[in-house]
Structure formats: C-alpha cells, structure tokens
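Here the structure is laid out as structure tokens; the discussion comes afterwards.
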Amino acid sequence: MQRIHVIDSHTGGEPTRVVVAGGPDLGSGSLAERRDRFRRTHDQFRSAVVNEPRGSDVMVGALLCEPVDPDCVAGVIFFNNVGYLGMCGHGAIGVAVTLAHLDRLGEASRQCRLETPVGIVGFAMDGPNRVTIENVASYRFREQVTIAVPDIGPVTGDIAWGGNWFFLVHDHTLTLHVSRAEALTEYAWRIRQALTAQGITGAAGAEIDHIELTGPPVDPANDARNFVLCPGKAYDRSPCGTGTSANLACLMAAGRLRPGQVWRQEGIVGSVFAGKVRIEHGNIIPSITGEAFVTANSHLIIDHRDPFGHGVPT
C-alpha cells in the first residue's frame, strides 16, 4: 500500500489538492526541470492523485517541493486531469492557506515567496483564509486575432500570458451563467480546437490551452465576469488567477486600467478575485486577492492490486 498525505481546499469554489508527503522523488534542479521529470517518469502519480476514483476533472493538484531559492517558503508543481501547469492562481492561494494550516509560515506570513516552474510568486496572508498573490510578469502577446471556428464562425480574441497561455474573447453573445456551463464549454472547446488546427500559438510556439470568455458582471459592485475553460475541458469555478492576470495585462495594453486600480473579477459561480497591477522595469506585475478554505486533511491509499489504483483513464 502506498500512502499519500494530502490537504484539500477550495478557492472560490475551485478545488486544490496539495501533496504534503508521499510524492515522487524528483531529484534536484529547477522547478521546470523537475516538472519535466515528473511528466516523463511519474505521470501515473499525477493521475492517481487528481483523476477518478479519488479526484475529478475539476481537481488541481499541487506537489510541494524543496525550492531552489532559499528565500522561498516552498516550491510547487501544479497539475490537473490531463497534464501540468506553469502556474495556477487559485492553486497558489490554496497552497498559501494550506501552508498556514500546517503552521509552516511562521512570522513570515505577511510576505512570502513561492517557487513555481515559471517563476517566483509572492504572497501575503491577509487573514486565515484571505490571500494576495503577486503573479509572474504578464502581457498581451497578440491583439484582435480572428479565427474561423467550425459551426460558430469568425471569433476574435487576444492572446495573453498570465502564467499560462490564454485566448480571451470579449466580443460574443453568450450569457455567462453557471446554468449555461455546458453550452459555454462547447463554445470554448471549439475555439481551443480551432486554435490548434490553425497553428495559432503563444510565444515560441507555446500551446494556448486556456480559453477565457469575458462579459458584464452580475453584481454591479464588480467590473466583469468570466468563464475559463481549462486544458482538460473542465471549467474553472473560480475567476481563475492566471486568467485574471492575463485579462489585466490586456486591459493595461488597451489603456482601460491604471496601475494600482482595483479590478473586481467575477467567476462563473459568482466568487470574486480583486486584481490590480504594478509596473516594474516595464513589465506588468499582477496581484490577485481571493479566499481559500481547507476542506480535508487525509491520506490517499494506492493499492497496487487495484486496476484503477493510478486513476481511471481520461
């Protein structure tokens, strides 16, 4: 029997499962190198942790690792039902609350650093459940890209980086409500497939694996609402931290946002992230504030006699 110590949380409704102990030995090197080693040699572990029968398509995993930078409280590799993520905003908030739950932050909880495969993410605890993360530098890569989407027609959006690659669609006629999740998923998935088929990518040929639809908020106290389709075809229940970062970068590039101005972003289930940016050496540095709550502290058990011990194939 293999036992894996995990702590589950949710950030704005989106779950994170942090692997505290019992994970694979990924050796040394950068977090990006260890993520690649994880992918090559331990992918069964990823599937066992987040896929059925223990998890679901919505679950995001976070493997705690020793950081390279000694000033970081931890390193983390994020993964989901189909693969690995560069960064995960809701997941970073969940990791912060989990580390606080484990009493691993001590007096440093007001100003911490978390190492990820795409760079250092800062975070501060604003209470037991409220966290502000400072993400990696984000930017709009291409503006107003029009693609032909089968059965839909021309769709225009921006390509942006917020720790993951996004295609952001602002001009559409869809209602962004959770009751319309199935139709929104199908619309966004067709866009994702069209981007791949037409060879449209992020920088250096990177796959655009997140689709973000934006629209007006339901609550007038907020600025916008979004629907984000993640790489494994599950939609983000939270407003998506990297997606909000990408959107803030586009708003800055379009002159619709000032440094320090707060942008309140609703997710599809109504949870809210508060975002703002600062400029450092010409780079857009977003910060995102949200809430996470611990939901379980448990051990996963892998019985190697179990034909689905390493997850149900997706």
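Only the coordinates and a few stated rules stand behind these numbers; no lab work does. Here the structure is a predicted model, which is why all the values come from computation and not from measurement. Counting neighbours? That spans all protein chains shown, and the Cβs are built from the backbone with ideal geometry, glycine included.
How much length is gained on full extension from SER28 to ALA254, taking 0.36 nm per residue of separation minus their Cα-Cα distance?
Working: separation 226, 0.36 × 226 = 81.36 nm, distance 4.14 nm.
The SER28-ALA254 span can extend by a further 77.2 nm.
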Spread of Cα-to-Cα distances over 10 Å intervals beginning at zero, given as percent, for the range 109-174: 18, 32, 23, 20, 7, 0
What residue among ASP236, ASP36, ASP219 shows peak mean-square fluctuation when the chain is described by a Gaussian network model with Cα springs under 10 Å? ASP219
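Could you calculate the FRET efficiency of HIS304 with ALA197 from 1/(1 + (r/R0)^6), where r is the beta carbon distance between them and R0 is 35 Å, rounded to 0.05?
Values: r = 40 Å, r/R0 = 1.14.
Given R0 = 35 Å and the Cβ-Cβ separation, E is 0.30.
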Folded to 0 to 90 degrees: helix 241-253 orientation relative to the chain principal axis, Cα: 30 degrees
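So what's the net charge close to VAL82: Lys and Arg +1, Asp and Glu -1, counting the other residues with Cβ under 14 Å from its Cβ?
Combined, the nearby Lys, Arg, Asp and Glu give -1.
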Restricting to Cα atoms and excluding each atom paired with itself, what does the Kirkwood estimate give for the chain in Å? 19.6 Å
Report P(r) for the range 19-87: all Cα-Cα distances, bin width 10 Å, range 0 to the bin holding the largest distance, values in whole percent. 21, 56, 20, 2
Quick check: net charge around ARG34, other residues with Cβ under 15 Å of its Cβ, Lys/Arg +1 and Asp/Glu -1? -2
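How big is the convex hull of the Cα atoms of the range 150-246, per residue, in Å³?
Values: hull volume 9.4 nm³, N = 97.
It comes to 97 Å³ per residue, whole-number rounded.
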Helix 31-41 versus the longest principal axis of the chain: what angle, 0 to 90°, nearest 10, using Cα atoms? 70 degrees
Taking a label point 7 Å from the Cα of ASP43 along Cα-to-Cβ, the residues of the range 67-106 whose backbone nitrogen sits under 11 Å from it are 82-84
Cα-centre dipole for the chain with unit charges at Cβ (Lys and Arg positive, Asp and Glu negative), debye to 20: 120 debye
Could you list, bin by bin from short to long, the percent of Cα-Cα pairs of the range 220-314 in 10 Å steps? 14, 34, 25, 15, 10, 2
Only helical DSSP H runs with n ≥ 4 go in: add -39500 (n - 2.57) per run for the chain, normalise by residue count and round the 222 nm mean residue ellipticity to 500 deg cm²/dmol. -6000 deg cm²/dmol
Can you grab the distance from the C-alpha centre of the range 134-161 to the C-alpha centre of the range 189-203, Å, no decimals? 10 Å
Which of PRO15, PRO70, PRO216 ends up with the largest GNM mean-square fluctuation for the chain, with Cα atoms connected below 10 Å? PRO70
If you fit an axis through the alpha-carbon atoms of helix 181-197 and take the longest principal axis of the Cα set of the chain, what angle between them do you get, 0 to 90°, nearest 10? 90 degrees
